Amino acid sequence: MKLLIVEDEASIAEVVIAYAKREGYETVYASDGLEALEIFRNDDIDLVVLDLMLPKLNGEEVCRRIREHSSVPVIMLTAKSSEADVVSGLDTGANDYVSKPFSPRVLMARIRAQLRPRESRDSIASGLCADGRIEIDPERVELRKDGVPVPVTKSEFLIFSTLASRPIRTWSREEIIRTALGDDYDGFDRTIDTYIKNLRKKLAEPGHENGWIKTVYGFGYRLDDEK
C-alpha cells in the first residue's frame, strides 16, 4: 500500500512517514498542494494524508480535485479542530479528520481502518436498488446510476450500501456508524448527516431530490425505494 503524505511542515511529515514505514506502508511526500496533485495523477496512491493549510493550493481544494476523479481514502490532518471545520472537511470529500496535535499511533489506526479490507461483505448490499436505477458494486466499491459511476467516498459507499441492505428499515445514526463505519470510527454522530447530504447531492435528480434517502424525523434514515 502506498500513502501520499501532504504536509508543509517537514518535522511533522518525517514523523508520519517514519510511523507509516514501521507499519509496512510505502510513502511518497509532497510539501504543497500543486505538488500533491501532480504526484497523485502520476502515481498509484492508496491513501492520502492531507494537511489543510498548504502553500500554492490549500488542502480543501486538493481534496475537491482528487474527488473529481477518485474515491481513494483521504484523511485530513490539520490544526483546525472545531466541529464546523470537521464538517467542512467532510463536505469536501474527506473520509476522516485528525486534529493536531495528534498521536501518530492513532493516525496509523485511522489509516488501517480506511485501508482494511472488509472481512465480510455480507452486510453490503449488491445489485440494483432505487427502482433499478442505482447499482451497488461491492467488489469495485462503486455506485453506478443508470450505468454511470458516481464519485462517492468509501464511507459514503458503505453508508448507502448499509441503507440498501434493508431498504424498509429505518436506521439510527448510531446504527449506521456501527454497521457501515465500524467500531474504529471516532467522529461526531452528526457527521452522518453530512455524509447523507453529500450522497443526496450526488444522486439527486428531478423527482428524487433526496437522492433516494428518506429522513425519518427524530430517528434516522432509510432508503426511499418504494416502487
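Out of the range 108-134, which residues are at pLDDT 85 or above and assigned to a loop (DSSP other than H, G, I, E, B)?
Selection gives Arg133 alone.
Got a sec? Which of Leu37, Leu3, Leu47 is touching a Pro at 6+ places or on another chain (Cβ under 6 Å), open to solvent by less than 30 Å² (accessible area, probe 1.4 Å) and closer than 20 Å to Asp96 by Cα?
From the options Leu37, Leu3, Leu47, the qualifying one is Leu47.
Show me the helices (runs of 4 or more DSSP H) found entirely inside the range 1-94 where at least 1 residues are within 26 Å of Lys197 (Cβ to Cβ) and polar (S, T, N, Q).
Once the helices (runs of 4 or more DSSP H) in the range 1-94 are filtered for at least 1 residues that are within 26 Å of Lys197 (Cβ to Cβ) and polar (S, T, N, Q), what remains is 83-91.
Within the range 54-88, restricting attention to residues that are exposed (fewer than 14 other Cβ atoms within 10 Å of the Cβ) and among the aliphatic types (A, V, I, L, M), which residue is farthest from the chain's Cα centre (by Cα)?
Ala79
Given the conditions (1) at pLDDT 90 or above; (2) over 18 Å from Pro104 (Cα atoms), report the number of the one that Glu26 does not fulfil.
(2)
I'd like to know if the range 195-213 contains one or more residues that are at pLDDT 90 or above, open to solvent by 30 Å² or more (accessible area, probe 1.4 Å), touching a strand residue (DSSP E or B) at 6+ places or on another chain (Cβ under 9 Å) and not hydroxyl-bearing (Ser, Thr, Tyr).
Yes: the range 195-213 contains one or more residues that are at pLDDT 90 or above, open to solvent by 30 Å² or more (accessible area, probe 1.4 Å), touching a strand residue (DSSP E or B) at 6+ places or on another chain (Cβ under 9 Å) and not hydroxyl-bearing (Ser, Thr, Tyr).
How many residues, within the range 135-170, are open to solvent by 10 Å² or more (accessible area, probe 1.4 Å) and part of a strand (DSSP E or B)?
Total meeting the criteria: 8.
Please go through (1) open to solvent by 70 Å² or more (accessible area, probe 1.4 Å); (2) free of Cβ contacts under 8 Å to residues at least 40 places away in the same chain; (3) out of contact with any helix residue (DSSP H, G or I) (no Cβ under 8 Å at 6 or more places or on another chain) for Phe219 and return the number of the only condition it doesn't satisfy.
It is condition (2) that Phe219 fails.
Which ones in the range 177-194 are closer than 27 Å to His69 by Cβ and surrounded by 14 or more Cβ atoms within 10 Å (Cβ to Cβ)?
Ala180, Leu181, Tyr185, Gly187, Thr191, Ile192, Asp193, Thr194
Restricting to the range 127-157, name every residue that is farther than 24 Å from Pro206 by Cβ and among the aliphatic types (A, V, I, L, M).
Val141
The values are calculated or read from the model by the stated rules, or taken from the named source; none is laboratory data. What you are looking at is a predicted structure, and each value in this text was computed from that prediction instead of being measured. Don't worry about glycine lacking a Cβ; one is built from the backbone with ideal geometry, like all the others, and counts go over all protein chains shown. These area figures cover heavy atoms from the full protein model, side chains too; ligands, DNA and RNA do not enter into them. Shrake-Rupley method; radii C 1.70, N 1.55, O 1.52, S 1.80 Å.
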